[in-house]
2 protein chains.
Amino acid sequence: MTPSNAPFSRAEYDRRLSKTRAAMAAAGLDALFVTDPSNQAWLTGYDGWSFYVHQGVIVTPEGEPIWWGRYMDMLGGRRTCWMDQSNILGYGDHYVQSTVVHPMQDLAQHLLARGFGNRRIGVEMENYYYSAKAHAVLSAELPDAELIDASALVNWQRLIKSDEELGFIRKAARISDQVMRTALERAEPGLRKNDLVADIMHAGITGVGDDWGDYPAIVPLTPSGLDATAAHLTWDGAPMRDDEATFFELSGCYRRYHAPLCRTVFLGRPSDDMRRAEEAQLEGIAVGLEAARAGNRTCDIANAFMGVLGKYGIERSGRMGYPIGLSYPPDWGERTASIRSEDETVLEPGMVFHFMPALWMDTWGLETTETILIRDEGTAEPLCEFDRKLFVKA
Amino acid sequence: MTPSNAPFSRAEYDRRLSKTRAAMAAAGLDALFVTDPSNQAWLTGYDGWSFYVHQGVIVTPEGEPIWWGRYMDMLGGRRTCWMDQSNILGYGDHYVQSTVVHPMQDLAQHLLARGFGNRRIGVEMENYYYSAKAHAVLSAELPDAELIDASALVNWQRLIKSDEELGFIRKAARISDQVMRTALERAEPGLRKNDLVADIMHAGITGVGDDWGDYPAIVPLTPSGLDATAAHLTWDGAPMRDDEATFFELSGCYRRYHAPLCRTVFLGRPSDDMRRAEEAQLEGIAVGLEAARAGNRTCDIANAFMGVLGKYGIERSGRMGYPIGLSYPPDWGERTASIRSEDETVLEPGMVFHFMPALWMDTWGLETTETILIRDEGTAEPLCEFDRKLFVKA
């Protein structure tokens, strides 16, 4: 039985579990311990801001997954996970941020009790929520087990979205449209940046109609002028000024699903350089979308875009996109494939990427991006419905 | 020279660096690699939402600290750190979320070039942003170095706040007051919870006067009814209902400094049980504040509170507070001392704690808390100025 709070059907969770188990079998794993909060939610429905303490999901070849976390968060597990309450486990509060004991000692006991003490157990070595210390303690507690790096094993299963998931991402895209509209309408010289961000957040959490807004995994990025030459500065209380570009890197969020969108506004008259960069960026995005077809590879999108930039004589390095979907802070990307020249992931229908060919130049930044869906046939579908251009408010 | 964007004086950063170096010397460390974003900001001023990729600060016994991160974030480093630009280092974008190469390979080269290849280097083993994989790669790349667990070494230096820092926390407290006032004024039956959260966030980011609001390290926690029996559930779009308690766990944030505050509102007439719990909680907080004096220990606060609960026959386990100050997601706590019976940290003037003796019961939750400053003499000072009671809206 799926409780009312779990966002997806039981069939959807079964599908996810089957895919994960197939990947575990291919990797020769007897069990998998999942710490990425987005992987936990994807497998079990668990949803709470409790990932700042150790918690995770145990997947074995049979039966329901097991959610394990802090004792006080068991109650959150019972209210958000689809599994039987007997599969929600809690550890005592004396383990929390202690210098004497570690929660992984408790986890090890559960794995031992289930007969995995001498088996091959996958762990997500490269994840924010599996610290070097956690690994050291778990290794010491399970001396006869083999801990195998299974980083992103679950993330890769999330790459192709189900129809249920696409429905959520489309709702997030409607919220993204509303958030971006708010940002562009409100931006004007003299407006304090934090007041603009307050309105942006308000629009995102309000949502659209019955589709209430959840918190995005990244806060609004809204830098102006020289601050926009850096990719990840957050706001301050300075007023917006004439003759500066401001980029908006924003996402609506519907039940943890994202649809990021970037646009740039110039207050005044943009320079010829910026106009030329806009032209190159828009032409590059158009050819990128042409290349974003099932059967092509992620690098084909990047190379198509870079070909246009080369024609315009604009230099750029670095990756220009990543898959998106379900996520928790600090990143809304899925951390698997990348849209970059050295990545050869084959595109398949149902994949969703944030195609993100931003330009950060010496004295300004220009971000124009799309969340795109790879379709059965033809070019990728941009999921937001927003004019693609440099916005100018004179 | 401190650039205009760094929030503190050069003397303040020098003080922090000296404290950190003394702790390094006591631990026998030749160098320290700091990954906790709050420690990075505390030492260097670095401020950006870029902690989702590997980055950190290298502290050695002499000279300026070195900020190291993704190439595109060097620009953010130059705009927010106080150090010379030669001490802002960047690694290539091909390292980002790659399955082939790892950023720690680049970091190792910098440590080798500076002569630390065979020295004792401290690393924050227990931190969200130092993954098990990062540690494995760094260990392999520096086979002759000794990597020592220096988890929370810097965090402990942050426990006693400077006057400059207390000024920031007091500003955050004014914002917390405004945010809580917004929540309590707006709460009413029929109001969708996400619409309430939108207003809460708006109030927090607007800030108070010239003190603009920054993003808190935790999103607003605002659960009602049975959801409030769990500690960390986030909102949804359901309307608030009569005869339910809703707790608000909120914080204003001023330039990354926090002052968390919790209050509870009941829409209707609370049960006698809840009224009795309120009485116990308020009496417990009062005796807790009495015990929160320089020279006493953290456990004295916890034991004072628990003594009152025992008198009322109310059961509670778990910790009831932690130091706060500068922080980034996913936690606004400093992860050092805890207010709990087994913690014997001696209280000193300038320490700031979120004293958080919430009660999560079988069918409702009651959160009433204070951010408190340990003073030279007398009892702790609550930094927010908010009535301490269960708010009732009939």
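The values are calculated or read from the model by the stated rules, or taken from the named source; none is laboratory data. No experiment lies behind these values; they were computed from the predicted model shown. Glycine also receives a Cβ, built like all others from the backbone with ideal geometry; neighbour counts cover every protein chain displayed. Surface accessibility is based on the protein's heavy atoms, side chains included, excluding ligands, DNA and RNA. Shrake-Rupley method; radii C 1.70, N 1.55, O 1.52, S 1.80 Å.
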**OP:** Read through the list (1) over 30 Å from B:Phe386 (Cβ atoms); (2) without any contact (Cβ under 8 Å) to a residue 12 or more places away in the chain; (3) open to solvent by 20 Å² or more (accessible area, probe 1.4 Å), then give the number of the only condition that B:Asn87 fails.
**Re:** (2)
Original post:
(1) crowded, with 21+ Cβ neighbours inside 10 Å; (2) more than 8 Å from chain A (Cβ to nearest Cβ): which one isn't true of B:Tyr128, the others all being true?
Top reply: (2)
**OP:** Could you pull out the residue among A:Ile148, A:Ile121, A:Ile66 that is within 24 Å of the chain's Cα centre (by Cα), of a type in the set (A, V, I, L, M) and more than 11 Å from chain B (Cβ to nearest Cβ)?
**Re:** A:Ile66
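How about segment A:256-281: which of its residues are among the aliphatic types (A, V, I, L, M) and out of contact with any helix residue (DSSP H, G or I) (no Cβ under 9 Å at 6 or more places or on another chain)? Walk me through how you get there before you give the answer.
At the first step, the residues of segment A:256-281 found to be among the aliphatic types (A, V, I, L, M) are A:259, A:261, A:265, A:267, A:274, A:277, A:280.
Hits for segment A:256-281 are A:Leu267, A:Met274.
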**OP:** Would you point out which residue out of B:Gly204, B:Gly209, B:Gly167, B:Gly225 is within 16 Å of B:Met351 (Cα to Cα) and not aromatic (Phe, Trp, Tyr)?
**Re:** B:Gly167
**OP:** Could you tell me which residue of segment A:131-144 is farthest from the other protein chains (Cβ to nearest Cβ), considering only residues that are farther than 9 Å from B:Ala132 by Cα and open to solvent by 20 Å² or more (accessible area, probe 1.4 Å)?
**Re:** A:Asp144
Original post:
In segment A:69-103, what residues are among the charged types (D, E, K, R) and more than 27 Å from the chain's Cα centre (by Cα)?
Top reply: A:Asp84, A:Asp93
**OP:** Quick one: in segment B:153-162, of everything that is buried (at least 21 other Cβ atoms within 10 Å of the Cβ) and in a loop (DSSP other than H, G, I, E, B), which residue is nearest to the chain's Cα centre (by Cα)?
**Re:** B:Arg158
Subject >> Lone qualifier among B:Leu390, B:Leu359, B:Leu373, B:Leu383 - being in contact with a Pro (Cβ under 7 Å, 6 or more places away or on another chain) and either open to solvent by less than 40 Å² (accessible area, probe 1.4 Å) or modelled with pLDDT of 95 or more (or both) >> reply: B:Leu390
**OP:** Give the residues of segment A:8-56 that are touching an Asp or Glu at 6+ places or on another chain (Cβ under 8 Å) and open to solvent by 40 Å² or more (accessible area, probe 1.4 Å), sorted by residue number.
**Re:** A:Ser9
Original post:
Got at least one residue in segment A:169-185 being more than 10 Å from chain B (Cβ to nearest Cβ) and not in a helix (DSSP H, G or I)?
Top reply: no
Original post:
Has segment B:324-341 got any residue that is free of Cβ contacts under 8 Å to residues at least 24 places away in the same chain, within 18 Å of B:Arg170 (Cα to Cα) and not assigned by TED's automatic domain parsing to the domain that holds B:Tyr129?
Top reply: yes
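Out of segment B:217-232, which residues are farther than 21 Å from B:Arg335 by Cα and aliphatic (A, V, I, L, M)?
Those that are farther than 21 Å from B:Arg335 by Cα and aliphatic (A, V, I, L, M): B:Leu226, B:Ala228, B:Ala230.
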**OP:** Would you be able to say whether some residue in segment A:244-255 is on the phi < 0 side of the Ramachandran plot, open to solvent by 40 Å² or more (accessible area, probe 1.4 Å) and touching a helix residue (DSSP H, G or I) at 6+ places or on another chain (Cβ under 7 Å)?
**Re:** no
Original post:
Given (1) among the hydrophobic types (A, V, I, L, M, F, W, C); (2) part of a loop (DSSP other than H, G, I, E, B); (3) buried (at least 16 other Cβ atoms within 10 Å of the Cβ), where does B:Val100 come up short, assuming only one miss?
Top reply: (3)
Original post:
If only one of A:Ala113, A:Ala108, A:Ala134, A:Ala140 is without any contact (Cβ under 8 Å) to a residue 40 or more places away in the chain and under 26 Å from B:His102 (Cβ atoms), which one is it?
Top reply: A:Ala140
Subject >> All positions within segment A:163-181 that are surrounded by fewer than 19 Cβ atoms within 10 Å (Cβ to Cβ) and small (Gly, Ala, Ser) >> reply: A:Gly167
Subject >> When residues of segment B:229-253 are limited to those that are within 10 Å of chain A (Cβ to nearest Cβ) and outside any loop (DSSP other than H, G, I, E, B), the one modelled with the highest pLDDT >> reply: B:Glu249
Original post:
Among B:Ala108, B:Ala113, which is open to solvent by less than 10 Å² (accessible area, probe 1.4 Å) and more than 14 Å from chain A (Cβ to nearest Cβ)?
Top reply: B:Ala108
Subject >> Filter result for the condition that a residue is open to solvent by 20 Å² or more (accessible area, probe 1.4 Å), at pLDDT below 95 and among the charged types (D, E, K, R), over B:Arg79, B:Arg119 >> reply: B:Arg79
Subject >> Among the residues listed as A:Arg319, A:Arg335, the single one being under 19 Å from B:Asp93 (Cβ atoms), open to solvent by 30 Å² or more (accessible area, probe 1.4 Å), of a type in the set (Lys, Arg) and under 20 Å from the mean Cα position of the chain (by Cα) >> reply: A:Arg335
Subject >> Tally of residues being part of a loop (DSSP other than H, G, I, E, B), open to solvent by 10 Å² or more (accessible area, probe 1.4 Å) and either under 19 Å from B:Thr369 (Cα atoms) or more than 8 Å from every other protein chain (Cβ to nearest Cβ) (or both) across segment B:191-228 >> reply: 6
Original post:
Listed residues B:Gly310, B:Gly325; which is within 30 Å of A:Val219 (Cα to Cα) and either open to solvent by less than 10 Å² (accessible area, probe 1.4 Å) or more than 8 Å from every other protein chain (Cβ to nearest Cβ) (or both)?
Top reply: B:Gly325
**OP:** Would you mind telling me which numbered condition in (1) of a type in the set (D, E, K, R); (2) closer than 24 Å to A:Ala134 by Cα; (3) buried (at least 20 other Cβ atoms within 10 Å of the Cβ) B:Arg70 fails?
**Re:** (2)
